[in-house]
1. Mind counting the residues in segment 133-166 that are under 19 Å from A85 (Cα atoms), loosely packed, with under 15 Cβ neighbours inside 10 Å and without any contact (Cβ under 8 Å) to a residue 60 or more places away in the chain?
2. Collect the residues in segment 120-132 that are of a type in the set (V, I, T) and surrounded by 23 or more Cβ atoms within 10 Å (Cβ to Cβ), keeping them in residue-number order.
3. I'd like the residue in segment 46-71 that is hydroxyl-bearing (S, T, Y) and modelled with pLDDT of 95 or more and, out of all such residues, is surrounded by the most Cβ atoms within 10 Å (Cβ to Cβ).
4. Quick one: which of L169, L143, L113, L103 is of a type in the set (A, V, I, L, M, F, W, C) and in a helix (DSSP H, G or I)?
5. Can you tell me which residues in segment 219-235 are at negative phi and surrounded by 12 or more Cβ atoms within 10 Å (Cβ to Cβ)?
Amino acid sequence: MGTRIEYFAELPSTNGEAKRLAREGVPEGTVVVAESQSGGKGRMGRCWFSPRGKGLWFSTVLRPPVNPVETPRVTMVLAVAIATAVRKHTGVPADIKWPNDILVQGKKVCGILVELNAEMDRVNFLVAGIGLNVNIDRKDFPLDVADIATSLKLEAGRYIPRVPLLRALLESIDKWYRCWLSDGFAPVLGKWRELCITLDCPVTVHTMQGSYDGHAIDVDEKGMLLVRTRDGSVQRLVAGEVSLRKK
Ligand code: BTN
């Protein structure tokens, strides 16, 4: 991972540039990094706050030899890789919240956006975009996320140099991605369950049709969240918004 690194002072979105390079045929593991993004993309059409020099905003091109239905597994591989690297490198206790958030003490420090380019039963390429808030101060967050976002600096109580952290993240992504492809999904899923704060928690599920309460009981090998609802039935969620309620 990162054998070829394309560095930019500013881009609209590193995912956009990584997709362009992937279509040109760059090798797997190519990484696009930007100091800032003018149109950073989050999930569900949201914007991703990406101020200059204060975070790690990067995307990597992957070409896993899998069926497109396995894409959610890539997000889980990345979440495990990032949470473990952040813990080891900074000592900050990073957790995973299903499906793709990395939280510290309940606040979001990192988001992952995986975009797929596929034919019928074959992945052409995936672009995995990672946005990690590294040295953002509380006063700098936009008002709409100020209460729900955090940064590694705020949690660790010290400035975190970004280059060694990026190296640690890329090494960890490389390790967990290879582990998935060579040993199968079970080791990733095991670590994911260990780091996930959504499991065994009361949750509220938000859908286009409305919201309902339930209890998150497990995640399956496809990355779907199993939620037991109040009537006792079990819903399998492919993607979506889930908020945690107090136990
Ligand atoms: C989320 O909504 O949680 C996902 C956020 C992903 C943000 C990253 S920053 C680098 C890459 N480029 C983008 O435009 N988005 C992702």
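The values are calculated or read from the model by the stated rules, or taken from the named source; none is laboratory data. Fair warning: this is a prediction, and the values are worked out from it, not measured in the lab. We place every Cβ from the backbone using ideal geometry, glycine too, and count neighbours over all the protein chains shown.
1. Count: 5.
2. Within segment 120-132, V127, I130 qualify.
3. S59
4. L169
5. V219, E221, K222, M224, L225, L226, V227, R228, T229, V234, Q235
Let's see how each residue does on (1) over 16 Å from G42 (Cβ atoms); (2) within 16 Å of the ligand (Cβ to nearest atom):
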| site | (1), (2) |
| --- | --- |
| K107 | no, yes |
| A118 | yes, no |
| A149 | no, yes |
| R158 | yes, no |
| L170 | yes, yes |
